[in-house]
Structure formats: C-alpha cells, structure tokens
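Structure first, then comments.
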Amino acid sequence: MKNRVFIPVAGTGSRLGGMTKYLNKSLISVSNKPAISNIIDNFSNDTEFVFALGYKGEIVKEFLKLAYPKRKFYFGYVDLFEGEGSGLGLSMLSCKQFLQQPFIFCSCDTLVDGEIPQVDRNWIGFSERKDLSSYRTVSINDNKVENINEKGMAKEGDKPYIGLAGIYDYKSFWDSMENGHSDAINEGEVYGLKVLMKNNDIYANFFEWYDTGTAEELNKTREHYKVENAPNILEKANETIWFLNDSVIKFSDDTKFISDRVLRTKELDGFIPKITGFDNHMYSYEYAKGEVMSKVVTLPIFEKLLEDSLKFWENKNLSMETRSGFKESCMKFYKDKTIERVELFYKNFNKSDGVEKINDIVMPTLKEMLDNLDWNWISDGLPGRFHGDFHFENILYSQEDDKFTFLDWRQNFGGSLTVGDIYYDFAKMLHGLIICHELIAKDLYGVEWKEDSIRFDFNRKQILVQCEKSFEKWIISNGYDIKKVKVLTALVYLNIAALHHHPYGLLLYALGKSMLFENL
C-alpha cells in the first residue's frame, strides 16, 4: 500500500487578499514555485496525493498534471466552498472514498522543513510561536496530545497546531466525521482528531513550520525559502512563471494568451525552449541551459546578441494589401492601446493628467504630447519575425554552447502570430537597458508624486549604460531610426505602468512621459 497525503485546496484564500484573485492560494509562489510544490516535493516519488478542489480548482488540476506527469493524483470536487454550509469538513468528506487507508492530512498553507514521518500511528504536528492567538493549539503530555484547543483558548505550555497530522485509525476518524454533521463541517479534520483522541493515542511531532496563509506569514516564509541567484520575476497579478526542477511553467488567467503563445512556438522554433505540455491556463517547457543575460552580460556578449538576433529578426515581404493591414495593426497596438493603458493607470493609481513638473522640467499634459505625436510615422513599422518582450530577463546565454535562448515571448502582435514590428523588439530591449529589473526588485529607486510635481530617480548598472550606448550606435549603423526606437520605448513605459505595483508604476509613468517629451 502506497502512502497517501490529503491536501484540501477548495477555499478562496481570503486572508491573502488580492493575491488570490486569479490563483488558488495553493499556487501562490514561494521561491519561484507554487507553495503546493514545496509540499509535494517533501514526499517520495511513489507517494499518492488526494486533493479537494473548489475555488480555481481547474487551474490547480492543470498545474499538477503539467508539473508532475508521473505522480498519482486523486481529485474530489467541492461545489460549496464559501458561505453558509461550506467548511473544511465538507472538503474532506468529498474525498473520503480515496482515503480508506492511513493517510497524512496537510493544509495547503503548511510548509515544513525536514522529513515527514510515516503513518504507523496517529500523530499531530506542532511547532513554536510566541503569539498563539491566531492558532489552534495542542496540549501535550509525555509526547502525547491531550487536547486540541480553539483559537484564543490556549493554555499555559500549549503549542501551535500546524495543520499537519497523521491519521492511522482512519475508520474511526471517518465515522466521527460522518456523524459530526455541522460541527465536523466547520471544524474540519480537528473534529475527527478530537473524537479519535478519546479512545486512541495521538502522538505529538515537532516540525520547523512555515505558514503561507496570511500576507504577513507568507512574506516571512518567502524570506526563509529564498534561493540565492534565483531569477528576477516581477510578477503580475494575473501572470506568473514557476521553476520546477527541469521544467518551467508559465501561467495566465487569459486562455487566448496561452493558446497563442503555444501556437507561436512553430514560428520561433530553434530560438526558444521546447514546449513539453500545455492546458487552458498554462504551458510548460524544458529548462534551458544558460544564465539570464542580466547576470552574465559583457559588451562583447551583448554585441554578439545583436548580430545573432539579426537572423531572428527575419523581415517579411508583405503585399500592398497586407502591408496596409499591418500598419493598421501597428496603429491600434501603439496608439489605441497606449490611450487605454494610460487611462487604466489613472484609474489604478488614482491619478490624473496634468502639467506637473517632472524632475523640475515643465511639461505639457500627456494628452497634448500624444495628440501631437506623428502616429502615421510610428505605425509605419518594420514587419518581421518578432519576440515581443525582448529584454535581458527573457534571454539566456550559455557560455558552454555560445548560444542564446529566448524566453517569455509575446503571444501576438495586433492579433498576428507571425508578423510583428521589429521596432517594438528594439524598444523593449532599450527599455530593459534603462530600467534594470534586478535593481527594481531590490527597491533601488524612488518616486514622489505631489499635486504639481513628480520627482523620480533609479539606480543603473554601468554595464547596462555601456550596452545602451552600443545599442544606439548599432541601431544607427544598421540604418534603423533611433528616434522611433526612443519614442516607442517611452510608449512601452507608459503602457506597462498600469500593470505594475505601487510605487513602481508611478516611476514607469513619469519616466515614460519624460522620455516622450525629450524625443518629440
């Protein structure tokens, strides 16, 4: 008989606030992989898992199947996962049929260091906390649990119960859960453990415990599991990337985004990693050799990247009719999307357009600048094969193979999977040379927005300044329009400002407006 672990993931994760708007709480990232992976990876490969699915359950199931194709999973489905009548006990009973053997109960927000013991007897996991007010507690005597106390009812010497237990006498446990009615539904596994305790010994096992159930505890847990030299991922609310052993998984709540990304792999073959699987909300690909360019870049490596990328930026010869449609797509992509994103920025950050000074330079309103921009010139793009998010964090370089690999490509350009504006890739490259993701992640920037003025500053790396100068020379020497690249870079900043967190979004807006003003 193989070991089984039950993990309930039906709840909405309301204590995590907006972090669970698009994701189930079990998929919140800890050390660049979902919290649930930190649990699964703690068990042997032949361990079987049972999940109670509810809120965003289809996304949890997609992830598990992509990330662990050789693992054995069982799924129960909970229709009522919030409001009156819902409760952890209901989630447990939905999976009773898969747990007719000794099993481990593990909350999806419970991470522990060290080995988790077999279920050759009943046991309950505990840890240490100074403040017990937020936790159920256990009273322990002679290494056995004598009582489980509700939150706020801790007695002297109690220890926090961590949501991890080994249930050996499963028949008695399930009998109590079935007969417990509303109390069992509300209290969950604790109800069954309390009844079990009356006629059976339950042993106490100590664990080094890390919680992901609240924003405060999640931050502490992330700090503990932080991996040195991990990729710099500036997460968006509805998108993320996870790294698991030899594979990478990209998630988005937008199913069209994912399907287009996968379809584009044919066009980008030879320059990107091999896709190994996909579903509605995510796809997986092989972990590619190399380091992100931001960590290994030198001027010679950067100049080699530009020369190698000329093979990637393959020009497309378009008919007159197709060319007209491409220009129209550029117009929508640049002008219409910029106007929409700027309005979204004002809404998200509770700001409005104005004639404020930026770093003591008086500027007109952004609307005036956008109205005066020659959109026909901007939209007269260079049609070709495109990446769409071409910057150092999305480019790997393998010194061993002397090869570049491109990651996290854009899903389409104005609806096209095959033809985009190569100038947009140039702009994305320049935007990443000016703003360094690594330094942003370390909060090495400042921005202050007052009623009539904005001041901002940010740290830069000298190598990126050198690359920027080299890039500008390369653009000019290859006959491209450097002014167009700079104006498009300003539009990139204005477009992405609405999508990032406070105050970083403010910095991006101010930088974008300043750069547009300088190049008009």
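Can you give me the Cα centroid spacing of the stretch 365-414 and the stretch 117-146 in angstrom?
54 Å
Given the rule -39500 (n - 2.57) for each run of at least 4 DSSP H residues, summed and divided by the residues of the chain, what is its mean residue ellipticity at 222 nm, to the nearest 500 deg cm²/dmol?
On the way: 19 runs with 191 residues, N = 520.
Helix-only estimate at 222 nm: -11000 deg cm²/dmol.
[x] 3, 16, 24, 21, 15, 12, 6, 2, 0; [y] 4, 17, 27, 26, 17, 7, 2, 0, 0; [z] 4, 16, 22, 18, 14, 12, 9, 4, 1, 0, 0: which one is P(r) over Cα pairs in 10 Å bins from 0, in percent as calculated from this entry?
The value matching this structure is [x].
Assuming 0.36 nm per residue, please report the length gained on full extension of the stretch Leu306 to Leu520 beyond their Cα-Cα distance.
Residue separation times 0.36 nm, minus the Cα-Cα distance, leaves 74.4 nm.
Using the Karplus curve 6.51 cos²θ - 1.76 cosθ + 1.60 with θ = phi - 60°, what ³J(HN,Hα) values do you get for each residue of the stretch 217-230, in whole Hz, with x for Gly and Pro?
Karplus-based 3J(HN,Hα) across the stretch 217-230 equals 5, 4, 4, 5, 5, 4, 5, 5, 8, 4, 9, 5, 6, 6 Hz.
In this model, which of Lys450/Lys513; Lys155/Lys220; Lys56/Lys274; Lys289/Lys403; Lys266/Lys327; Lys274/Lys403 are farther than 18 Å apart at the alpha-carbon? Working shown, then result.
Details: Lys450/Lys513 16 Å; Lys155/Lys220 26 Å; Lys56/Lys274 28 Å; Lys289/Lys403 9 Å; Lys266/Lys327 24 Å; Lys274/Lys403 15 Å.
Result: Lys155/Lys220; Lys56/Lys274; Lys266/Lys327 exceed 18 Å.
For Thr265, what residues show an amide H to amide H distance below 5 Å, using hydrogens built from the backbone and excluding near sequence neighbours?
HN-HN under 5 Å from Thr265: empty list.
Enumerate the calculated ³J(HN,Hα) couplings along the stretch 435-447 in order (Karplus 6.51 cos²θ - 1.76 cosθ + 1.60, θ = phi - 60°), each rounded to whole Hz, writing x wherever the residue is Gly or Pro.
For the stretch 435-447, the Karplus-derived couplings read 9, 9, 4, 4, 6, 5, 4, 8, 6, 8, 7, x, 8 Hz, x marking Gly and Pro.
Using Cα positions and a limit of under 16 Å, work out the lysines in reach of Lys236, with same-chain residues fewer than 8 apart set aside.
Straight-distance partners of Lys236: Lys21, Lys25, Lys33, Lys250.
Once R0 is set to 60 Å, what does the formula 1/(1 + (r/R0)^6) return for the Cβ-Cβ distance between Asp142 and Lys289, expressed as a FRET efficiency to the nearest 0.05?
On the way: r = 54 Å, r/R0 = 0.91.
Using R0 = 60 Å, I get an efficiency of 0.65.
Arrange His181, His500, His437, His391 by Cβ neighbour counts within 10 Å, fewest through most, would you? Don't skip to the answer; put the middle values down first.
Working: His181 11, His500 20, His437 17, His391 23.
Taking fewest neighbouring Cβ atoms as first place, the list is His181, His437, His500, His391.
Using θ = phi - 60° and the Karplus curve 6.51 cos²θ - 1.76 cosθ + 1.60, what whole-Hz ³J(HN,Hα) does each residue of the stretch 310-321 get, with Gly and Pro shown as x?
Per-residue couplings from phi come out as 4, 6, 6, 6, 6, 5, 10, 7, 9, 5, 4, 5 Hz.
Which order, highest average first, do 400-411, 88-99 follow once you tally other Cβ atoms within 10 Å for each residue and take the mean per peptide?
Working: 400-411: 16.3, 88-99: 21.3.
The densest-packed peptide leads the list: 88-99, 400-411.
Amide H neighbours of Phe81 under 5 Å, counting only residues 5+ apart in sequence or on other chains, H built in-plane at 1.01 Å?
Those qualifying (amide H under 5 Å, at least 5 residues apart or on another chain) number zero.
What distance in nm separates the simple spin-label points at Gln101 and Thr214, each placed 7 Å from Cα in the Cβ direction?
Reported label-point gap for Gln101 and Thr214 is 3.8 nm.
Taking the number of other C-beta atoms within 10 Å as the exposure measure, put Glu286, Glu393 in order starting with the fewest. Show your work: numbers first, answer last.
Working: Glu286 14, Glu393 20.
The most exposed by this proxy come first: Glu286, Glu393.
Full-extension gain between Lys461 and Ala230, please, as 0.36 nm times their residue separation minus the C-alpha to C-alpha distance. Can you show the working numbers first?
Numbers: separation 231, 0.36 × 231 = 83.16 nm, distance 1.87 nm.
Length difference between fully extended and current span is 81.3 nm.
Please compute the modelled spin-label separation between Glu84 and Glu451, points set 7 Å along Cα→Cβ, answer in nm with one decimal.
If labels sit at Glu451 and Glu84, their model points lie 4.9 nm apart.
Can you tell me the FRET efficiency between Asn45 and Glu156 if r is taken as the Cβ-Cβ distance and R0 is 56 Å, rounded to the nearest 0.05?
Working: r = 43 Å, r/R0 = 0.77.
Approximately 0.85, to the nearest 0.05.
Gap in Å between the Cα centre of the stretch 479-503 and the Cα centre of the stretch 174-213?
With the stretch 174-213 and the stretch 479-503 each reduced to a Cα centre, they are spaced 55 Å.
All of the numbers you see were taken from the coordinates with simple rules; none came from a lab. Since this is a predicted model, take the numbers as computed values, not measurements. Cβ sites come from the backbone with ideal geometry, for glycine too, and all protein chains shown count toward neighbours.
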